[in-house]
Amino acid sequence: MKRRFDIYFPWLFTLADFLVVLFTLWIADFLLEKLGILSQIDFLAYLPLAGAWMLISVLRKDYKIGRTEEYDHTLKNLGVTLFWFLAVMAILWTPIESEDDRWLQILGFGSLLLLFMGSFRVGIHMVLRVYRIQGKNYRNAIIVGKGGTSPRLADVFKIRKDFGINFLGYFDDLADCNQTRGGISTFFEQAPRLDLDLIYIHEHLEPSLVKKVIDFADENYIKVKMIPGGSLQLEKNLSFSRYGDFFVINVNDIPLDHPINSLAKRAFDLMFASLVTLFILSWLIPLVGILIKLESRGPIFFIQKRNGVNNRVFNCLKFRSMTPNDYADTQQATKNDPRVTRIGAFLRNTSLDEMPQFLNVLSGDMSIVGPRPHTIPMNETFKTQIERYNSRHKIRPGITGLAQVRGYRGEIENSHQIRSRVRLDYFYINNWSFLLDMEIMVKTVYELIFNRENAY
């Protein structure tokens, strides 16, 4: 039930949001017309305006109403969405361009939207709380270590049923109460069977054990939150979450968890990939396709299953550079590989074989910059050999990445290379910035021109 809710709620919220904003615009039109501030406007003219609201709301992920957030946070999110919407209305909406009372009209629309949409959003927030009080849309949580302030947090879960956090108990070596599931060592044995969403770490847990728990959580896509204490000497960017009057520290949040950062990166990806598709791929795909077909039989594209964000499998596109063979997924390309065709060698040497991946960017499976996606068999092998390997799948994979511009591209010949790649990917994920993306893109162009040693 809890997973199904996460699938359907964003769609239901977005549809309801669209209908409510459309109704609000109609009411505003009626009232402003009665006041003599606005001339009569055809109702259909409000459809694109409501569509713009829906687009802004979806891009800002307004449907994500945090289970521990208060109503003021919901209103703050609405305020930002309303600001962008009114900016779009003022610049692009033609029905008010010729009106003398333009800014008065915008103020009128804004005031009514704040009233109606504020009531709707807070109402949805209240409904969610009631829904969670009934034991639905919950998150399973445990606390590793008992003592200090951790019992207070357990009490918060018990009192604030509206948070929808199902507390499963403690893992602690010394505590002996009916909520203790076992010692800390048994946590790693039991955790995979508990369908965990959240792990809270006791403030006085040994630092080495804290690191081990966090690494386990990264591998299994479980959020970690730490109860403040002396064991916070970690190489992590920390942020806080508020549970009523109780605060916890988010240990493994990353910059791209922030909606503004995520929106900025995705907007750039869409803009850049659209330009490449329109001005380059539109003629490159037919041209390369003809050359590939002239040399060998088989498809133009090589479509390979790879792991993307949260290990989700997607179809990664490349121009086919080899003769069709049964080892493409399991055997890496090597220098002077006999499977590589003549046109394929050119494509690989110039990295043109990767160009169709801009279509993967448009579809949302990839980003321009990010950890390079590996094949499924490679992932299955490396995740058993490399510590924190799976943490590289916390964000969308990229066409290029920090590891690639630092020289780690092409065939993986030894364990040092893959460990270095993972370490650089981990650094990128935890230290992302828009400027870092720009730097990597510039260095990628440099590598393509001056450093072709590992391109084969």
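The values are calculated or read from the model by the stated rules, or taken from the named source; none is laboratory data. This is a predicted model, so every value here is computed, not measured. Virtual Cβ from ideal backbone geometry, glycine too; neighbours counted across all protein chains shown. To get the accessible areas, we keep the full protein, side chains included, count just its heavy atoms, and leave off ligands, DNA and RNA. Shrake-Rupley method; radii C 1.70, N 1.55, O 1.52, S 1.80 Å.
Of the residues TYR389, TYR408, which single one is hydroxyl-bearing (Ser, Thr, Tyr) and in contact with an Asp or Glu (Cβ under 8 Å, 6 or more places away or on another chain)?
Result: TYR389 is the single residue among TYR389, TYR408 that is hydroxyl-bearing (Ser, Thr, Tyr) and in contact with an Asp or Glu (Cβ under 8 Å, 6 or more places away or on another chain).
Residue by residue through segment 32-46, note down the ones that are open to solvent by 70 Å² or more (accessible area, probe 1.4 Å), of a type outside the set (Phe, Trp, Tyr) and either part of a helix (DSSP H, G or I) or within 30 Å of PHE247 (Cβ to Cβ) (or both).
Those that are open to solvent by 70 Å² or more (accessible area, probe 1.4 Å), of a type outside the set (Phe, Trp, Tyr) and either part of a helix (DSSP H, G or I) or within 30 Å of PHE247 (Cβ to Cβ) (or both): GLU33, LYS34, LEU44.
Looking at VAL213, VAL224, VAL248, which is the one that is closer than 30 Å to SER57 by Cβ, of a type in the set (A, V, I, L, M, F, W, C) and in contact (Cβ under 8 Å) with a residue 40 or more places away in the chain?
VAL248
If you take just the helices (runs of 4 or more DSSP H) that sit entirely in segment 352-406, which of them hold at least 3 residues that are over 25 Å from LYS211 (Cβ atoms)?
Correct list: 357-363, 376-382.
Counting only residues that are hydrophobic (A, V, I, L, M, F, W, C) and open to solvent by 30 Å² or more (accessible area, probe 1.4 Å), how many does segment 356-383 have?
4
Does SER367 meet the test of being under 23 Å from LEU435 (Cα atoms) and modelled with pLDDT of 85 or more?
yes
Please go through segment 161-209 and pick out each residue that is in a helix (DSSP H, G or I) and within 25 Å of GLY244 (Cβ to Cβ).
Residues satisfying the conditions are LYS161, ASP162, PHE163.
Six or more apart or on different chains, Cβ atoms under 8 Å: show the pairs whose first residue is in segment 405-433 and closer than 26 Å to ILE260 by Cβ and whose second is acidic (Asp, Glu) and at pLDDT 90 or above.
none
Given (1) more than 23 Å from LEU196 (Cα to Cα); (2) more than 26 Å from the chain's Cα centre (by Cα); (3) modelled with pLDDT under 90; (4) open to solvent by less than 70 Å² (accessible area, probe 1.4 Å), identify the lone condition not met by VAL88.
Going through the list (1) more than 23 Å from LEU196 (Cα to Cα); (2) more than 26 Å from the chain's Cα centre (by Cα); (3) modelled with pLDDT under 90; (4) open to solvent by less than 70 Å² (accessible area, probe 1.4 Å), VAL88 breaks only (2).
Could you check, for segment 416-439, whether at least one of its residues is of a type in the set (S, T, N, Q) and out of contact with any helix residue (DSSP H, G or I) (no Cβ under 8 Å at 6 or more places or on another chain)?
yes
Looking at LYS158, is it touching a strand residue (DSSP E or B) at 6+ places or on another chain (Cβ under 8 Å), surrounded by fewer than 18 Cβ atoms within 10 Å (Cβ to Cβ) and part of a helix (DSSP H, G or I)?
yes
Please indicate, with yes or no, whether at least one residue in segment 283-291 is aliphatic (A, V, I, L, M), surrounded by 15 or more Cβ atoms within 10 Å (Cβ to Cβ), at pLDDT 90 or above and out of contact with any helix residue (DSSP H, G or I) (no Cβ under 8 Å at 6 or more places or on another chain).
Yes, segment 283-291 has at least one match.
Based on what the data block shows, is GLY410 crowded, with 17+ Cβ neighbours inside 10 Å, modelled with pLDDT under 90 and out of contact with any Ser or Thr (no Cβ under 9 Å at 6 or more places or on another chain)?
When the stated conditions are applied, GLY410 passes them.
Under 6 Å between Cβ atoms, at least 6 apart or on separate chains: pull out the pairs that start in segment 29-55 with a residue that is at positive phi and end on any residue that is of a type in the set (Asp, Glu) and surrounded by 12 or more Cβ atoms within 10 Å (Cβ to Cβ).
none
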